[in-house]
1. State the number of residues belonging to the stretch B:142-155 that are crowded, with 19+ Cβ neighbours inside 10 Å and more than 7 Å from chain A (Cβ to nearest Cβ).
2. If I filter the stretch B:161-189 down to residues being in a helix (DSSP H, G or I) and within 17 Å of the chain's Cα centre (by Cα), which single residue comes out as farthest from the other protein chains (Cβ to nearest Cβ)?
3. Please find, among A:15, A:3, A:42, A:26, the residue that is within 12 Å of DNA strand D (Cβ to nearest atom), outside the structural domain of residue A:133 (by TED's automatic domain parsing) and modelled with pLDDT of 95 or more.
4. Residue B:55 fails exactly one of the following numbered conditions: (1) modelled with pLDDT of 95 or more; (2) out of contact with any Phe, Trp or Tyr (no Cβ under 9 Å at 6 or more places or on another chain). What is the number of that condition?
5. Against the definition (farther than 17 Å from residue B:91 by Cα and either in a helix (DSSP H, G or I) or of a type in the set (Lys, Arg) (or both)), how does residue B:153 come out, yes or no?
6. Filter the stretch A:75-88 down to residues that are closer than 18 Å to residue A:134 by Cβ and in contact with a helix residue (DSSP H, G or I) (Cβ under 6 Å, 6 or more places away or on another chain) and give me whichever is surrounded by the fewest Cβ atoms within 10 Å (Cβ to Cβ).
7. Evaluate the following for residue B:73: is it in a helix (DSSP H, G or I), touching a residue at least 12 places away in the same chain (Cβ under 8 Å) and within 16 Å of DNA strand D (Cβ to nearest atom)?
8. May I ask you to verify whether residue A:88 is modelled with pLDDT of 95 or more and part of a helix (DSSP H, G or I)?
There are 2 protein chains.
Amino acid sequence: MKAEDQETRGRLLSAGARLFAEHGFAKVTVRDICRKAVANVAAVNYHFGGKVGLYDEVLQAAVRTMQSTTEAAREAGAQQPPEQQLRAYIGVFLHRVVGSGHDSWIHQFMLREMSDPTPALDIVIEQVIKPRMAYLCGIMAELLGCPIDDPRVARCAMSVHVQCLSQMHNPVASRMSPAFERTPETLDAMTDHIARFSLAGIRDIAGP
Amino acid sequence: MKAEDQETRGRLLSAGARLFAEHGFAKVTVRDICRKAVANVAAVNYHFGGKVGLYDEVLQAAVRTMQSTTEAAREAGAQQPPEQQLRAYIGVFLHRVVGSGHDSWIHQFMLREMSDPTPALDIVIEQVIKPRMAYLCGIMAELLGCPIDDPRVARCAMSVHVQCLSQMHNPVASRMSPAFERTPETLDAMTDHIARFSLAGIRDIAGP
DNA sequence: ACTAGATTCAAACAGTTGTTTGATACACTT
DNA sequence: AAGTGTATCAAACAACTGTTTGAATCTAGT
């Protein structure tokens, strides 16, 4: 293993990540990846044992980043009332989705894996989705003032979760109207909207 | 044109619809379609001029059905206060999504076209999404008591819309937990939840 | 019965896919 | 300087893609 070897391996990894995120596993060819990474066609098989080997490694990196997003949301709301915890969760999520430049491909990648699953989806569900929803459900149970297995908890968590998801890269919204562009300013406005909208909804559901 | 001719044409159409909905345009081969429709490999090219010709025709049928869903939602809320119009919209949408048996492929098909667009997406946006969102935004403007171009209108419409979308067939939810099954009973409960949650959110956003 | 047009079919087409191969170039140790 | 193991490369591989072809089959009109 030499320094140059790791370089081509890394180039394949990042080229594959961007292409898989943009077009999905099936529509990206090994030749596309190698052309973008300036490597030979056989390089993917040599370094990763095949196309799915490269995909699995890209997915592992994406999973690690998303786990850190969940952790960041948790820390941002630590030792605060549940209302602030929810607001922190929404804010961290939205800013990571559109903000952090060189990680923006990850959320597009995950969204694609969820709508068009490969066998690797189970890993994502177990290691990312379930812990994240468990944290969100904990906040909901506090806000609703009811046990965590109350059916209202899961429903409110869903309502919050999908509003956050809707801010991800989405081919429809971008073609609908220029008013749906995601800039840092509209992002803060959207965080406020989702938090206020959802907190009012939760309070009403919690009531008599 | 004879009766039997229309039969194979129709078989191709329905086989293509189901397969396109389940796996997407790229992952379905014309040989898959013809095998399912018990027709020769050349049948697709003969009757539809090619794979995309068949896809376009499937999409047109889906567009017509979705337009009728929008119309049904509009009629269900006609001459009622905006709160009831919103509830009717959510109810019609959810019942059509999971309810009507032999049309259930349509929503899966549309969801796939939206997350993994073909050139035909523009037709869907113009003829389905925009009219539907325009109707929903009208209700929002009434509920908020503000002009329709107020930024809060689009945001609230988004919040309602994505909660409805989340009830569509979704590979993640079905693998998460059996608690997310969509039966006629949970469907009514979900309609109530989304309507109550959203109306409270809208009222809060409309306030001072 | 015969023709004309429409439909079906097996076979083959050219292009692309992921993967394999064997030779070559390279850096490092002995 | 010879040897060793790793990495790259052009070329070829078999399998699969959508589409075309030309003959065979069928139906309807005269």
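1. 3
2. For the stretch B:161-189, the residue satisfying everything is B:187.
3. Answer to the selection: A:42.
4. It is condition (2) that residue B:55 fails.
5. Considered against the rule, which asks whether it is farther than 17 Å from residue B:91 by Cα and either in a helix (DSSP H, G or I) or of a type in the set (Lys, Arg) (or both), residue B:153 comes out as yes.
6. Top of the filtered list is A:76.
7. Against the criterion (in a helix (DSSP H, G or I), touching a residue at least 12 places away in the same chain (Cβ under 8 Å) and within 16 Å of DNA strand D (Cβ to nearest atom)), residue B:73 does not qualify.
8. So residue A:88 passes the test.
The values are calculated or read from the model by the stated rules, or taken from the named source; none is laboratory data. Keep in mind that this is a model prediction, so the values were computed, not measured. Cβ coordinates were reconstructed from backbone atoms using ideal geometry, including for glycine residues, and neighbour counts include every protein chain displayed.
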